[in-house]
Structure formats: C-alpha cells, structure tokens
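First up is the structure itself, then whatever we jot down about it.
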Amino acid sequence: MADQQVHDAPGPVPPQLPVLRWAQPPEGPVLVLLDQRRLPAHETELVCTDVPALVHAIQTLAVRGAPLLGIAGAYGIALAAARGYDVVEAAGLLEVARPTAVNLRYGVRLAADAHGRAEAAGATPEQAAGAALEAARALHRADAEASRRMAAHGLAFLGELLPGGGHRILTHCNTGALVSGGEGTAFAVALAAHRAGELRHLWVDETRPLLQGARLTAWEAARNGMPYSLLSDNAAGSLFAAGEVDAVMIGADRIAADGSVANKVGSYPLAVLARYHHVPFVVVAPTTTLDLTTPDGSAIEVEQRPAREVTEVPVPRGAVAEAGSGVSVAPLGTRAYNPAFDVTPPELVTAVVTEEGVLSPVTGDGIARLCAAARRGSEG
C-alpha cells in the first residue's frame, strides 16, 4: 500500500524533502519516496508499506533513475523481510519492474543475498531483516560517495577537454539528486562546474514524452542557482549548428561489456550530432551501471512503455499524474512507438566517467578494468 503526504513549496528554494528514506512508525517500517510525478509544483511523499506498492511507484516513475532504483530495490527487500513477506518473491517482482536499469537488479540481489546469508548462518527473521536493511543502507552510502567522486573526476576531465572554463553543457533527462544517493551523475558534474565558477550555461533537453528534463532537471538547476535554458528535444541540432554546445553529458541505465550505453531515449541522436559537430559526448555513471553479463548493445533489453505516454500530453501542473495520464492529442486508436531508452555504440562515446576514474577511449577491456577496480574497492 502507498499513501501520499503533500508539501507545497512555499518559495523559490525551499528545503528539499529526502528523495528516499527508511522510516519506522509504530505501525511498522515503511519506505518513503519523494514522488517525482508531482514535481515541480508539489513536493509529495509517497509511503510504501509493501513491495507491490514500491513496484507500482517504480513502474509509474514516482521513483526513477538508475542509481536510485538500485537503492530503492535494496530497501524493498529490507521492507519485505521486515514485514514478514517472502523475500524471494519480492526479489522476483522488483527485478523486473524496469528491465533496462541494471542497478535495480544489482540492489535487489545485494540485499537479498545479505538476507540469505544471514538466514543460512542461523539468524532470526528479525536479524536477517536487519542484515538486508544494513546492505541497503551501505549501498545508499556508497552511491553518495560515488556521486561525489564522479563529480570530481568529471570536472577534472572537463578541464582537460575545455581548458579555461566557461563550459556550455547540454544534458538529457534527469541525472541529479533525484536519481542518486548523492548529488547525481552527469548533473553532479555540471553542478561542480557551477560551484567552481566554470559553468557558463546548462542546456536542458525537455526529454519527451514524460518531460524529465523540463520537470526535474530544470527544477534542480533552478534550486541550485545555475544558469540554464530549457529546449525542445528537436531544437538540439540547431544549438549544435550555432556552436553553442561545448560538451554533452548524460547518465546511463546500463553500460554493456563493450561500452554500449543505454540511456533515456533521445540520447543516441545527441551522440550522432555531437560526433558530426566535433563535440565531446560524455557518459557519467557509477560502476554499478556497468554490466559485464550483457555483451553488447544489441543484448540490452529496452523497455517499451505505453502508447498513451506519446498520444497524450501530461495533466496540468500540480495534479497527481500517473505516467502518461493526460489529455489526448492524437486520434483515438493511434498506435505509438515508445521505447524508454536507446543505445549509443561505444565509438560515439568520448568517455565514461565513474567513481573509479575516466575511461577514454571506451573499450571492452577498459570497461572490464573499471569493474575490477570497483570489486577491489568493495573488498577493501
């Protein structure tokens, strides 16, 4: 079950509610999410008391973004264990809630494995649930630290690519604090540049059909006082042609073993434009997004979403909005092609920035080295 609590923003930069938090009221533990469907007009908390409610929140994009989905998945296992539900069944439901985002599977398995190890060692149900919760909290902390390190690596790399500062960065979808245990991935790099006085302008793609750029990235940029402009996705080409973009920086939902990058649909066209206009195309993602079990881009399962997200426009600002609910703009019965993601081949990617460092050029061997470095770091 899920309940909502609404907090109307009283001013231009109000304190932000936590994007995700674990709470233990008298009636039992819950997972509390900042409902991203209601932004930017309202900060609304969505309270999940069981895994089906969390799955619904994931599928309707109340909670989204690859790193945060991993964290949410781990807490979902802890919630199932603490509430006395079947953890194996919960893991099965969560893992397939959004198939492209590999972080979700990673977080679910991390917490489920911790729970299983505790049970095998003779722990009580309460102790096993505690082990799953600690695994989720550890992942949450690790992602915040990864965000900090990615921002530092990305800012240094920008300085190498574009000496002198004054960066004009184009970004797509939303990659800030709303997708992370910290300040984000690609957006965190732009924010670090802003704080260092090196960001001249942030170009924000609206990101159709669900407008994550317009609703979420613009909101985060405004909250942080960053110089930014919103553009329709199909205006990006003219922006490149005018020489107004110094670098493209995006996140990723999965990076295959060969370096192919799955990200929000619309990313691949930006990579093509960037290559034609000799503009760096940089992907920023934690190593939990690297997936050596997926050999190449053709093996990435791309989520297909409902046609109504394309055939309708979103409901008016401030209303409770299920993803894709709104006013019809196409004839009744219109079919739509609506992949949630597209895949960019590694030869179009200038660099992949992770918490373990920057990989450029992007190769399969390099991806394997980053994964090995991440394993060594977690074991240490």
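The values are calculated or read from the model by the stated rules, or taken from the named source; none is laboratory data. Nothing here was measured: the structure is a model prediction, and the numbers come from that model. All Cβ positions, glycine included, derive from the backbone under ideal geometry; neighbour counts span all protein chains shown.
Of the numbered conditions (1) surrounded by fewer than 20 Cβ atoms within 10 Å (Cβ to Cβ); (2) over 23 Å from the mean Cα position of the chain (by Cα); (3) over 24 Å from PRO361 (Cβ atoms), GLU160 fails exactly one; give the number of that condition. If we test GLU160 against (1) surrounded by fewer than 20 Cβ atoms within 10 Å (Cβ to Cβ); (2) over 23 Å from the mean Cα position of the chain (by Cα); (3) over 24 Å from PRO361 (Cβ atoms), just (3) comes out false.
Checked against the criterion of being modelled with pLDDT under 95, aliphatic (A, V, I, L, M) and outside any strand (DSSP E or B), the range 217-225 has no qualifying residue. Do we have any residue at all in the range 120-131 that's closer than 24 Å to LEU216 by Cα, part of a helix (DSSP H, G or I), assigned by TED's automatic domain parsing to the domain that holds GLN16 and of a type outside the set (Gly, Ala, Ser)? Within the range 120-131, none of the residues are closer than 24 Å to LEU216 by Cα, part of a helix (DSSP H, G or I), assigned by TED's automatic domain parsing to the domain that holds GLN16 and of a type outside the set (Gly, Ala, Ser). Taken over the range 247-259, the criterion of being small (Gly, Ala, Ser) and over 13 Å from GLY366 (Cβ atoms) is satisfied by ALA247, GLY251, ALA252.
From the list GLY154, GLY165, the lone residue that is outside any strand (DSSP E or B), within 24 Å of HIS278 (Cβ to Cβ) and modelled with pLDDT under 95 is GLY165.
Scoring ALA78 on the criteria (1) out of contact with any strand residue (DSSP E or B) (no Cβ under 9 Å at 6 or more places or on another chain); (2) surrounded by 21 or more Cβ atoms within 10 Å (Cβ to Cβ); (3) in contact (Cβ under 8 Å) with a residue 24 or more places away in the chain leaves a single failure, condition (1).
I'm checking my understanding of the structure. Among residues of the range 189-206 that are out of contact with any Asp or Glu (no Cβ under 7 Å at 6 or more places or on another chain) and within 14 Å of LEU231 (Cβ to Cβ), which one is surrounded by the fewest Cβ atoms within 10 Å (Cβ to Cβ)? Applying the filter and picking the extreme gives HIS201. Restricting the range 299-316 to residues that are over 15 Å from LYS264 (Cα atoms), touching a strand residue (DSSP E or B) at 6+ places or on another chain (Cβ under 9 Å) and surrounded by 12 or more Cβ atoms within 10 Å (Cβ to Cβ) leaves a set whose member that is modelled with the highest pLDDT is ALA299. Any residue in the range 234-262 that's within 12 Å of THR344 (Cα to Cα): show its pairings with residues that are among the charged types (D, E, K, R) and not in a helix (DSSP H, G or I) at Cβ separation under 7 Å, as long as the two are six or more apart or on different chains. So the pair list comes out as ARG254/ASP291; ILE255/ASP291; ALA256/ASP291; ALA256/ASP296; ASP258/ASP296; SER260/ASP296; ALA262/ASP253; ALA262/ARG254. Looking only at the range 37-61, residues that are surrounded by 22 or more Cβ atoms within 10 Å (Cβ to Cβ), touching a strand residue (DSSP E or B) at 6+ places or on another chain (Cβ under 9 Å) and modelled with pLDDT of 95 or more come to 4 in all.
Taking the listed residues ASP113, ASP86, the one that is over 17 Å from PRO52 (Cβ atoms) and surrounded by fewer than 23 Cβ atoms within 10 Å (Cβ to Cβ) is ASP113, with no other qualifying.
Scanning the range 241-292 for residues being closer than 16 Å to GLY213 by Cβ and part of a strand (DSSP E or B) gives a total of 6.
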